[in-house]
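We did not get these values from a lab; they are worked out from the coordinates using the rules stated. What you are looking at is a predicted structure, and each value in this text was computed from that prediction instead of being measured. Cβ atoms come from the backbone with ideal geometry, glycine included; neighbour counts cover every protein chain shown.
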Number of protein chains: 2
Amino acid sequence: MESKAQVLYDFAAEPGNNELSVREGETITITNQNIGGGWIEARNSRGEVGLVPEDYIEINQAQPLTSGGNAAPLDLSFFDSHVPTPASTAQTSNGNDPWAVFDNNASGGFSNNWAAQPEGTETGKTSNNNAWQSGGHGHPQAYQGPGAEDDEWDEEWDDMKSSGGYAESEAGEGGAMNRGGAHGSSMKIALNKFPGFSKSGPELYLLSKQQTKGNKLSVYSGEVGPVWAYPDYQLDCVVADPKKGSKMYGLKSYIEYQVIPTTTNKPVNHRYKHFDWLYERLLDKFGSAIPIPCLPDKQVTGRFEEEFIKMRMERLQGWMSRMCRHPVVSSSEVFQLFLSYKDEKDWKTGKRKAEKDETVGVMIFSTIEPEGLPDMDLIEVEQKCEQFSRFTKAMDDGVKDLLTVGNEHWKRCTGPLPKEYQRIGKAFQNLSSVFTTSGYEGEGTLTDAMTAAGKTYEEIAQMVAEQPKKDLHFLMETNNEYKGLLGCFPDTIGVHKAAIEKVKEADKLVTAGKITASDKTTMGKRASTMSYALQAEMNHFHNNRIYDYNRVMQQYLEQQVKFYEMIAEKLRQAHSQFTTM
Amino acid sequence: MESKAQVLYDFAAEPGNNELSVREGETITITNQNIGGGWIEARNSRGEVGLVPEDYIEINQAQPLTSGGNAAPLDLSFFDSHVPTPASTAQTSNGNDPWAVFDNNASGGFSNNWAAQPEGTETGKTSNNNAWQSGGHGHPQAYQGPGAEDDEWDEEWDDMKSSGGYAESEAGEGGAMNRGGAHGSSMKIALNKFPGFSKSGPELYLLSKQQTKGNKLSVYSGEVGPVWAYPDYQLDCVVADPKKGSKMYGLKSYIEYQVIPTTTNKPVNHRYKHFDWLYERLLDKFGSAIPIPCLPDKQVTGRFEEEFIKMRMERLQGWMSRMCRHPVVSSSEVFQLFLSYKDEKDWKTGKRKAEKDETVGVMIFSTIEPEGLPDMDLIEVEQKCEQFSRFTKAMDDGVKDLLTVGNEHWKRCTGPLPKEYQRIGKAFQNLSSVFTTSGYEGEGTLTDAMTAAGKTYEEIAQMVAEQPKKDLHFLMETNNEYKGLLGCFPDTIGVHKAAIEKVKEADKLVTAGKITASDKTTMGKRASTMSYALQAEMNHFHNNRIYDYNRVMQQYLEQQVKFYEMIAEKLRQAHSQFTTM
């Protein structure tokens, strides 16, 4: 079945890459939606066929969704079918507001008033697409998804594209990605975001009879409430020294970053695709309990290469530092592997092991152990969940508001404002030039002073234009990071809300003889464990947030003070050149 | 003959004032163009008739111009008719660029490249019409011309209009203004600007056989070249204490200002119409030799009364101070009368005497005596004149450019910029409010600090919006004053250029036996005298300009320094509230 799609943004095909140039407003026909990697194949009105970034188009009619065909480890079909499973939650997040999910579900009991955001896809990887510093073009960079079965150390699918071969390899991966029988773009996103969800809802954990595998994750009672077990040593790392490499006789090139953990101080090399692999593993393993922020975007084309590499490195650094600060993530085997693998063999072995990890999705909760914390009743669990839901939603609004304001301020500071100071400077200098032609004696002091004043305003123009990079940039980066992080909460909280709904149905199911009273008790206990995990995570979030906002506000204000002081000093110098007669 | 006119700006009639409301773009029919006082009578398409401000409309076809019917004291009809007389010069300045006059004349010899300005009327009284501080609406206030025959101490034609009676009295004055047989709006302006010109060209002085009347005005050789004789004591005055008065049982109200000269320190009271009377006298007497800047505009309606009164007072002060600083103007009998009349009788007597002064127009040159300065030859005279012409034109451009830039900056500083700082402040405060709902302990310091930072940006918004009044205002006022002053130069220089052209024709006229060789010698000598007067005036102008621009730039930069320092200090305080953990 072929669907039509509307083109949302202009896209210029790169020659030799099997791409199709499209124009905003154009209607195209989807010829293959299963390309993967963020691409679809389409045909334009002139019959030309080629690849178009998925994010650049809007498909006119949703494809009928085929549900995943995985055999559930338990027969859970007795649960109400209209209770949203995390899988369907994840599905709706493709192209819709993640926060709106809870408005539309039929589960009731959550009286939130979140209105649907008009911003389009905000969840997961695409949430960083609007590069705020691009001057407001709002032109998303098409996300290029990871290859699912990429196990080759040197296999090319990311970084600097060179001409030829790219589309083919992407297509191959796209096919491979549609594992588990699901197909269509929605399910692909679902797979991308929560691979665990495609085979399970929270009931998988709530009624699990399996023995817990993997390390225990303790939750303690701290000063601020339930907290994760924090390591004595705070891990961090440096992402540095991006180097361009190439292979296949120079046909393909890529960027390799050095990652130096503070533990070993021994650098390891990683390409973007390795970061992305790590992201996928962390999302897979921890995503139900811990919001795993998406990586900075991949880019489609290599324009402004240096700036792009610098920006990506800065954001990878930010992402890695945030992961390092997370006690659960940083101490995980897969994260440790990424930071300190010994050699290629070590990496490959570790990689395979991580990919085979079965304690993923909701099963992560099976490893969580609240230490010395009493079981919570469902009402309290629900209240906590609602509270976090409200808070993260409100903060998401606040952060987006600040980003909007900051973006406008950025545009003004780099556009009209310096132009105006420049014009003021020019006007002073022009007048000064006229004055020099007066032929009047004793003109020199004034004209020199006016020229200097004019030049001062030109310098101020320059300063104004460059200032955002010195202060607003970090404020925007931090808020952008938080926007990404907050965009993960609807899914994470959604898992909890779905679990709560299931526990609520337990009585009915016991009465109907579908589960035992003991099952019901277990479900309640496990919902309590989930709640402790969520509380620990929220406390971790709050702690980090307070640290981050203190730091970024200090940095911002410090730079602002310097900026205004420097302007005042420059003007003081300009002032001193004028004489009083 | 009835003409049609296009309405340029919306005008809302004041009730009871015989006015007609009109809309931008509307076509109206002029029913009486001789109303005067800046008003015309018009009929709209619905047949309603009423008064409309002249500056709000554009008359579709220029009325055929009837030349003035004054009998010339000499038969000068032998001069080439295409040499522009100052009267025709003044006429073209209605609605045209005054600087363009020299481009269009057929006299040759002046190789200036001044392009016609697209700005419309810039000369004389109307040059201040675009109130730059009005935020760019560019809505001119219709100029209300002076009553020509107003000799009554208390007769009402200016200041605060009250309902009724205004249109009638204006109409009466308008008729009276069209003295000398000239009619139509052009001649009215000509009369306004250079009453002396309507009865004479420069030939009146060049070939005058009359004995010089009035005090001699000496030009000396100073350090910078020819200079006026400066008094030992520099006169100044204070314009203060505007008081609302009323008469006719409160039906009519006016504003009276105190003028306190530094000589007597004794305040005298003057209404705007007296300032305007003084302006007319000074223009009449000195306008050919000394650019007499126009007074600040009168206003049509009394909106924002207090602000308007304050602004007018400030500008009257500026105008008076400038006149006080001029050695020729300040020592003149009429100016001294204005500053220090003893009583009403003294004022009335002085007024009548001043109005009967015959040493007006070009005849002012007959009182000028270059002391110890050799006669200049015509080539030098012409070169000097051209130099001044070029300079004043270039400065006029520079000043207008600065005003345009300043106006835009004013708009940004009072409009979008503070709004943006306000939004930044609000965004910080919003986020802070969200943070307070976290329920997390140890939130207080951050939220307090963020709220304070937010409030700081709101304060900065306020500061930004108020700053232009503290610095840009004076820069704009000074440049606006200079724009007015420079707008007088084309006419003043025009007199000199016309005189030069006439002297150039002298040989031909001697050959033709129309003037004697002695007449020719006299003409050359008098052109030299005129040139010394112009040079003295230019040196006075330069001296004042250097003083004024030094002062205003110092003031501007000083306030700018304070502004940026205060912002830096506020931000430093905001910064100190954040903690490093």
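Calculated FRET efficiency, residue A:357 and residue A:31, Cβ-Cβ r, R0 41 Å, to nearest 0.05?
Calculated value: 0.65.
Quick one: 3J(HN,Hα) in Hz for region B:520-529, Karplus 6.51/-1.76/1.60 with θ = phi - 60°, rounded, Gly and Pro as x.
Rounded to whole hertz, the list is 4, 4, 4, 4, x, 4, 6, 5, 5, 4.
Hey, can you grab everything whose amide H is under 5 Å from the amide H of residue A:218? Only 5+ residues off in sequence or another chain; H modelled, so Pro and N-termini drop out.
Counting only residues 5 or more places away or on other chains, the set is A:229, A:369.
Fewest Cβ neighbours within 10 Å first, please rank A:206, B:295 accordingly.
B:295, A:206
How big is the antiparallel share of DSSP beta bridges in region A:4-59, given as a percent to the nearest 5?
95
Which residue, A:18, A:47, A:28, has the largest displacement toward the positive end of the dipole of region A:4-59 when charges sit on each Cβ (Lys, Arg +1; Asp, Glu -1)?
Sorting the options by dipole projection puts first A:47.
Ranked by Cβ crowding within 10 angstrom, fewest neighbours first, how are B:547, B:233, B:205 ordered?
In increasing order of surrounding Cβ atoms, one gets B:233, B:547, B:205.
Place a +1 charge on the Cβ of each Lys and Arg in region B:410-465 and a -1 charge on the Cβ of each Asp and Glu, then give the dipole magnitude about the Cα centre in debye, rounded to the nearest 20.
480
So, R0 is 25 Å and r is the distance between the beta-carbons of residue B:21 and residue B:246; what FRET efficiency does that work out to, to 0.05?
Efficiency for this residue pair is about 0.40.
If you keep only loop residues by DSSP, which GluC sites (Glu not before Pro) in region B:362-409 have at most 13 other Cβ atoms within 10 Å of their Cβ?
B:371
Taking the axis about which chain A rotates onto chain B, which residue of A lies nearest it as judged by Cβ position, and how many whole Å separate them?
Residue and rounded Å distance to the axis: A:564, 2.
What residues qualify as long-range amide H neighbours of residue B:287, i.e. H under 5 Å apart, gap of 5 or more or another chain, H built at 1.01 Å from N?
B:361
To the nearest 20 Debye, how big is the dipole of region A:376-580 about its Cα centre, given +1 on the beta carbon of each Lys and Arg and -1 on that of each Asp and Glu?
600
Amide H to amide H under 5 Å from residue B:31: which residues, 5+ apart in sequence or cross-chain, H placed 1.01 Å off N in plane?
HN-HN under 5 Å from residue B:31: B:41, B:42, B:43.
Any of A:356/A:502; A:216/A:342; A:266/A:353; A:4/A:285 with alpha carbons more than 31 Å apart? Name them for me.
In this structure, A:4/A:285 exceed 31 Å between Cα atoms.
Say the dipole of region A:426-581 comes from +1 at the beta carbon of Lys and Arg and -1 at that of Asp and Glu; which of A:516, A:431, A:487 then lies farthest toward its positive end?
Of the options given, the answer is A:516.
Could you please state, rounded to a whole Å, how far the C-alpha centre of region B:524-578 is from the C-alpha centre of region B:343-364?
36
If you keep only loop residues by DSSP, which trypsin sites (Lys or Arg not before Pro) in region B:490-552 have at most 12 other Cβ atoms within 10 Å of their Cβ?
Of the trypsin sites (Lys or Arg not before Pro), not one in the loops of region B:490-552 has a Cβ with at most 12 other Cβ atoms within 10 Å.
Applying 1/(1 + (r/R0)^6) with R0 = 56 Å to the Cβ-Cβ distance of residue B:333 and residue A:569, what FRET efficiency is obtained, to the nearest 0.05?
E between residue B:333 and residue A:569, to the nearest 0.05, is 0.60.
Compute the distance in nm between two label points, each set 7 Å from the Cα along the Cα-to-Cβ direction, one at residue A:383 and one at residue B:525.
11.1
Considering only region A:201-373, what is the antiparallel percent among its DSSP beta bridges, to the nearest 5?
If we restrict to bridges inside region A:201-373, about 85 percent are antiparallel.
Where the only charges are on Cβ atoms (+1 Lys, Arg; -1 Asp, Glu), what is the dipole of region A:418-501 about its Cα centre, to the nearest 20 debye?
Once rounded to the nearest 20, the dipole reads 200 debye.
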